[in-house]
Amino acid sequence: MKQVTLSDRFEPMSPVATDILEKCTNCGICQVQCVFLTRYGTPKEILTGLSPAKQHSIAFECSLCGLCQTVCPENLDPVEAFLNLRSDAVNNNLIDLSKYSTILGYEKKGTSALFSCYALPQGCDTIFFPGCTLPGTRPKTTWRLFETLKALKPNLGIVLDCCTKPSHDLGRETYFQSMFGEMLNFLQTHRIKRIWLACPNCYKVFKTYAPQMSIETVYEVIDSTGLPHRFADGSRPFEDTPLVVHDPCPMRDDALVQDSVRSLLTGMNLSIGKMAFEKKKTLCCGEGGAVGFIDPELAGTWTQKRKKSAGRRPIVTYCAGCAGFLNRTTTTFHILDLLFFPDKTAAGRFKAAKAPFTYFYRLSLKRKIKKNLPGAVFRERNYRPTE
């Protein structure tokens, strides 16, 4: 097919978009559960029926959750097409990124010398990478998790930094590649071969852009070695109302991680119910794609869909971002809180911290790392790409 250009100002249409134009049958299956595509039409209708300017604009309303590709009978990838549109909009100054100043500022702090921390003990070839949100909202949980993992691997290192997925998803491709590349280069230079991750978004980034590394979630690691805690009195606090598991979007294709999470919960003698739209067909919590910064109502529609599918049953998830977003409307627990502080969490007495305290807790955790790993190679990242 001849290459189609969006306009003289824009980059040539991406191969994945061309693929959609050639193979999409407009069957509408992808629209059934997607609030974004229900509003704007099938991916093919968006690419053919809207002006280039409108295409670039609405690309930022897609949650990038990937459900459309999962259900597509032609195995097309609309998410990649919308990501390319986002990148094109950024490269051609067609989007006002000041709308995203909060999330980009959060990312920038995470990669700064003040908040970043690389602690690599002698002989370290494996690091624990907790991500940004978990250490800030759950510093005690993060530290207990690190201690548990360190008991399994005494020379385990820890890295507090940001994988810069917000920039990736907002189309800041050059910035993302530079920041993530610099981090990866440092880790490889110091002979790090394996990364254990708690954040599903970080997991997706490392899995995609660091194929030379061995990438595992902490849920797989813990499940393979036994539970750190059970309920103190052997009780089953949710016996009358089974829990349901919300699988974060980045994990929709990773059955091993999904099964590990459920194995950990059943190992705690908890009853797990089934829920519509889980595992491979999971729904976005509402936070995906940073849609809430430009259309909170659209983002909230995803949250309500998840609440409806859970009913009155409490939700357990393994993403700190999802836990915070869903807990605004329905009872939601992070699995790590249940694992390490089971009785307190089940009773509703374990509360996740909120900004601005999250920044204080991240700094506090950094100080704790420096104190407890005195002989480690230590670094605070002070890197920014050349404009």
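Throughout, read-outs are computed from the coordinates displayed, never taken from laboratory work. Computed from a predicted structure; not experimentally measured. In this analysis, Cβ positions are derived from the backbone assuming ideal geometry, glycine residues included, and neighbour counts consider all displayed protein chains.
Key figures
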read-out	value
On Cα atoms only, tilt of 173-189 relative to the major axis of the chain in degrees	30
Sum of side-chain charges, F115 neighbourhood, beta-carbon under 10 Å (Lys, Arg +1; Asp, Glu -1)	+3
Neighbourhood net charge (12 Å Cβ-Cβ; Lys/Arg +1, Asp/Glu -1) for L76	-3
DSSP-defined antiparallel bridges as percent of all bridges, the chain, nearest 5	30
Nearest-0.05 FRET efficiency for N372 and T38, computed from C-beta distance (R0 51 Å)	0.50
Simple Cβ-charge dipole of the range 5-159, Lys/Arg +1 and Asp/Glu -1, about Cα centre, in debye nearest 20	820
Pairwise centroid distance, computed over Cα atoms, of the range 109-176 with the range 34-81, Å	33
Selected from T48, L197, Y361, residue furthest toward positive end of dipole (the chain; charges at beta carbon)	Y361
All lysines inside 21 Å of K274 as judged from Cα atoms, apart from same-chain residues fewer than 8 positions distant	K305, K307, K308
Whole-Hz couplings from phi, Karplus 6.51/-1.76/1.60, listed for the range 201-212; x for Gly and Pro	5, 4, 4, 5, 5, 5, 5, 7, 10, 9, x, 6
Fewest-first ranking of C284, C68, using other Cβ atoms within 10 Å as the exposure measure	C68, C284
Separation of the D253 and T25 label points, Cα + 7 Å toward Cβ, nm	2.2
Rounded to 10°, Cα long-axis angle of helix 101-110 versus longest principal axis of the chain	40
For the range 138-144, 3J(HN,Hα) per residue [Karplus equation, 6.51 cos²θ - 1.76 cosθ + 1.60, θ = phi - 60°, Hz, x = Gly/Pro]	9, x, 5, 4, 4, 5, 4
Dipole magnitude of the range 15-91 about its Cα centre (Cβ charges: Lys, Arg +1; Asp, Glu -1), debye to nearest 20	220
Kirkwood-Stokes translational diffusion coefficient of the range 233-387, alpha-carbon pairs, 10 °C, 1.306 mPa s, µm²/s	91
In nm, spacing of pseudo-spin labels at K274 and T331 (7 Å Cα→C-beta vector)	2.4
Violating pairs (Cα-Cα greater than 28 angstrom) within the set K207/K344; K99/K371; K204/K371; K44/K280; K153/K207	K207/K344; K99/K371; K204/K371
Ascending count of other beta-carbon atoms within 10 Å, so fewest first, for S178, S98	S98, S178
Rounded tilt (10° steps) of 78-91 against the dominant C-alpha axis of the chain	80
Within-11-Å neighbourhood charge of W143 [Cβ basis; K, R +1; D, E -1]	+4
Selection from Y106, L67, C117, by position along the positive dipole direction of the chain (Cβ)	C117
